[in-house]
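Undergrad: Sharing a structure below in structure tokens format, with a few things to ask.
The values are calculated or read from the model by the stated rules, or taken from the named source; none is laboratory data. Values in this document were obtained by computation on a predicted structure and should not be read as measured data. FYI the Cβ positions are ideal-geometry reconstructions off the backbone, even for glycines, and counts take in every protein chain you see. Ligands, DNA and RNA are excluded from the accessible area calculation, which covers all protein heavy atoms including side chains. Shrake-Rupley method; radii C 1.70, N 1.55, O 1.52, S 1.80 Å.
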Amino acid sequence: MDKELERYSRQVLFPGIGEEGQRKLRQSRVLLVGCGALGSNVANTMVRAGVGKITIVDRDFLELNNLQRQLLFDEDDVAKSLPKAIAAADKLRKINSEVGVVPIVADVNPSNIEQLVRDADVVLDGTDNFEVRYLINDACIELGKPWVYGGVLASYGVSMTIVPHETPCLRCIFPESPPPGTTPTCDTAGVLAGIVSLVASIECTEAMKLLVGAADRINRGMIWVDVWDNSFEKIQGSQISADCPACVQGNYEFLEAKEGTHATSLCGRHSVQVSVRGNPTVSFPELAARLSSVGQVRYNEYMLRFAVNGYEMVVFPDGRAMVNGTTDESLARTLYARYVGV
Ligand SMILES: [Zn+2]
């Protein structure tokens, strides 16, 4: 075996990968959207597997309750309030210095998704909400890139691999996003670490099949697993829906939904994210100077925290903010307009 492949020897010995497969992995570019529970597990496995480059996009920062299932992070990262993408990249570079790790602290939205997807050979889902998944689906179908869907909640999880125009896409299976408030969230149902790593493992293996040229082996239906009820089911025979808006009609509704200020309640926390079209650049020293007369302000190079009237706002350099202490989206937009402005 070539010396350069030695660290991957146990993977190379597996006939489905082999030396040729390993070389293909070394040339591959992976986009990971979201670096929480699923995402940090996925990043860990893909970097150890020896992909060429992984771009990790995540908008969130670390909290102590993440450590139960987000295995790249530790208490030091939480104490430093690091963004997840940054903390993950630091760890991943120590795990495998051969892999190019590109962390991006940002919200994935209609204005940046196409650029991110265009540069990838495969896209992996580490998100926790359907809005972003539909956006990934639209961009991947439009640009002809495969992606692997994964989701977890409580003790169950799902995964599906989507090869545009060849297998059913997310909208073939779920034409519309479930209405707000109708599905359980990690706020109400919690999540076990075991299902997170299981679904992440499925996602990573699917990605490796696509990257080494073993697409004939991919999962072409929905896998549904429950580690508490001991059930492992596969929904077979799914077909591309004849009237799918995305992969049949070419109508990319999520990609085209370009709005101004946009607010989203965040799964797993009592907070709302407010993002702004056009990704403006915010100067923290200037904003801190303005806000210091109205409330408590502190900042580092990644974020500015501002507390006022029982709410806390965490503002990022691209103008995005998390408003903690409410789930009311219009209140969050009001607070944003009042204190940050656009
Ligand atoms: Zn479709």
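Undergrad: What residue, among those in segment 48-100 that are open to solvent by 60 Å² or more (accessible area, probe 1.4 Å) and aliphatic (A, V, I, L, M), is farthest from the chain's Cα centre (by Cα)?
TA: Ala79
Undergrad: Using beta carbons and a limit of 6 Å, which pairs, at least six apart or on different chains, have the first residue in segment 150-161 and over 14 Å from Ala200 (Cβ atoms) and the second one aromatic (Phe, Trp, Tyr) and at pLDDT 95 or above?
TA: Here the result reads Ser155/Trp228; Met160/Tyr149, each pair linking segment 150-161 to a residue that is aromatic (Phe, Trp, Tyr) and at pLDDT 95 or above.
Undergrad: Does segment 25-33 contain any residue that is open to solvent by less than 30 Å² (accessible area, probe 1.4 Å) and more than 13 Å from the chain's Cα centre (by Cα)?
TA: Within segment 25-33, one or more residues are open to solvent by less than 30 Å² (accessible area, probe 1.4 Å) and more than 13 Å from the chain's Cα centre (by Cα).
Undergrad: In addition: Is there a residue in segment 221-231 that is touching a residue at least 60 places away in the same chain (Cβ under 8 Å), within 16 Å of the ligand (Cβ to nearest atom) and either under 27 Å from Leu25 (Cβ atoms) or open to solvent by less than 50 Å² (accessible area, probe 1.4 Å) (or both)?
TA: Checking segment 221-231: at least one residue is touching a residue at least 60 places away in the same chain (Cβ under 8 Å), within 16 Å of the ligand (Cβ to nearest atom) and either under 27 Å from Leu25 (Cβ atoms) or open to solvent by less than 50 Å² (accessible area, probe 1.4 Å) (or both).
Undergrad: Same structure, new question: Take segment 292-342 and flag every residue that is of a type in the set (Phe, Trp, Tyr) and open to solvent by less than 20 Å² (accessible area, probe 1.4 Å).
TA: Of everything in segment 292-342, those that are of a type in the set (Phe, Trp, Tyr) and open to solvent by less than 20 Å² (accessible area, probe 1.4 Å) turn out to be Phe306, Phe316, Tyr336.
Undergrad: Checking the conditions here, which among Arg333, Arg269, Arg305, Arg277 is at pLDDT below 90, not in a loop (DSSP other than H, G, I, E, B) and not aliphatic (A, V, I, L, M)?
TA: Arg333
Undergrad: Can you find a residue that is crowded, with 22+ Cβ neighbours inside 10 Å and part of a loop (DSSP other than H, G, I, E, B) anywhere in segment 140-159?
TA: yes
Undergrad: Residue by residue through segment 232-244, note down the ones that are more than 13 Å from the ligand (Cβ to nearest atom) and exposed (fewer than 11 other Cβ atoms within 10 Å of the Cβ).
TA: Listed by number, the residues that qualify are Gln236, Gly237.
Undergrad: Related question: Do you know which residues across segment 3-38 are under 18 Å from Ala120 (Cβ atoms) and either part of a helix (DSSP H, G or I) or not β-branched (Val, Ile, Thr) (or both)?
TA: Across segment 3-38, the qualifying residues are Lys24, Leu25, Arg26, Gln27, Ser28, Arg29, Leu31, Leu32, Gly34, Cys35, Leu38.
Undergrad: When you scan segment 105-128, how many residues do you find that are surrounded by fewer than 18 Cβ atoms within 10 Å (Cβ to Cβ) and touching a residue at least 40 places away in the same chain (Cβ under 8 Å)?
TA: Number satisfying all stated conditions: 4.
Undergrad: Checking the conditions here, which among Arg269, Arg305, Arg298, Arg290 is closer than 26 Å to Val199 by Cβ, among the charged types (D, E, K, R) and away from the ligand (no atom under 16 Å from the Cβ)? Let's see the steps before the verdict.
TA: Working: Arg305 fails: closer than 26 Å to Val199 by Cβ; Arg298 fails: closer than 26 Å to Val199 by Cβ; Arg290 fails: closer than 26 Å to Val199 by Cβ.
Within the list Arg269, Arg305, Arg298, Arg290, the selection yields Arg269.
Undergrad: Only one of (1) open to solvent by 10 Å² or more (accessible area, probe 1.4 Å); (2) aliphatic (A, V, I, L, M); (3) within 20 Å of Ser265 (Cβ to Cβ) is not met by Ile136, so which one is it?
TA: Failing condition for Ile136: (1).
Undergrad: Shifting gears a bit: If Val78 satisfies every condition in (1) at pLDDT below 95; (2) in a helix (DSSP H, G or I); (3) of a type outside the set (S, T, N, Q); (4) in contact with a strand residue (DSSP E or B) (Cβ under 8 Å, 6 or more places away or on another chain) but one, which is the exception?
TA: Answer for Val78: the failing condition is (4).
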